[in-house]
Amino acid sequence: MDCLFCKINANEIPAEVIYEDDKVIAFNDINPQAPSHFLVIPRKHIATLNDIGDEDRELVGHMVQVAGKVAAEKGFAADGYRTVFNCNPHGGQTVYHIHLHVLGGKPMGWPPYQETLKTEV
Ligand code: AMP
Ligand code: ZN
């Protein structure tokens, strides 16, 4: 399968892995948007959030728990951090293998978009 994150999972592409177990891997984002920016991915290929099945609920919960554990190891869990799942083009998804972004080390802005919402059709 031609999937970048499956290739990282298979060690075919290098990554700065900071956590791994039999279900998930966490590695630093190649284009960090915060002092610390890492991704948590399942070893299993799931293309988008829309493709998460009932059988994946524990796996996705594990991804979220690992995000918090790694944030704690990195020392910014108490200060706080941002977690993001981007889904499909409007969500800004570019890699179609689900991944949880974890951004920390500075205060995050909200909302995450700048443009004025258009209500006219
Ligand atoms: P998204 O836009 O939500 O699909 O996020 C994809 C993320 O993957 C982006 O933040 C990229 O910087 C990151 N990324 C792309 N290629 C790599 C790579 N080889 N290693 C680590 N992160 C990557
Ligand atoms: Zn994949």
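Observations, loosely collected:
- Where a residue in the range 3-22 is free of Cβ contacts under 8 Å to residues at least 40 places away in the same chain and its partner, wherever it lies, is in a loop (DSSP other than H, G, I, E, B) and of a type in the set (D, E, K, R), with Cβ under 8 Å and at least six apart: ASN9/ARG43; ASP22/ARG43
- Among the strands (runs of 3 or more DSSP E) confined to the range 1-75, the ones with at least 1 residues that are under 26 Å from PRO89 (Cα atoms) are located at 24-28, 36-42.
- Considering VAL66, VAL70, the condition of being under 22 Å from CYS3 (Cβ atoms) and not polar (S, T, N, Q) is satisfied by VAL66 alone.
- Test: LEU100 is in contact (Cβ under 8 Å) with a residue 40 or more places away in the chain and surrounded by fewer than 16 Cβ atoms within 10 Å (Cβ to Cβ): no
- Flag if ALA71 is under 24 Å from PRO107 (Cβ atoms), within 16 Å of ligand 2 (Cβ to nearest atom) and among the small types (Gly, Ala, Ser): no
- In the range 28-63, the residue that is farthest from LYS7 (Cα to Cα) out of those that are among the small types (Gly, Ala, Ser) and within 16 Å of ligand 2 (Cβ to nearest atom) is GLY53.
- Test result for PHE85, within 16 Å of ligand 2 (Cβ to nearest atom), closer than 22 Å to TRP110 by Cβ and crowded, with 16+ Cβ neighbours inside 10 Å: yes
Yes/no matrix, rows are residues, columns are (1) under 15 Å from the mean Cα position of the chain (by Cα); (2) small (Gly, Ala, Ser); (3) within 11 Å of ligand 1 (Cβ to nearest atom); (4) surrounded by fewer than 17 Cβ atoms within 10 Å (Cβ to Cβ):
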| site | (1), (2), (3), (4) |
| --- | --- |
| ILE13 | no, no, yes, yes |
| PRO42 | yes, no, no, no |
| THR48 | yes, no, yes, yes |
| ILE52 | yes, no, no, yes |
| VAL64 | yes, no, no, yes |
| LYS74 | no, no, no, yes |
| ALA78 | no, yes, no, yes |
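- Some residue of the range 77-93 being within 26 Å of ASP2 (Cβ to Cβ) and acidic (Asp, Glu): no
Taken together, the values in this text are just the output of simple stated rules run on the coordinates, not laboratory data. No experiment lies behind these values; they were computed from the predicted model shown. Because the Cβ atoms are built from the backbone with ideal geometry, glycine has one as well, and the counts that use them run over all protein chains shown.
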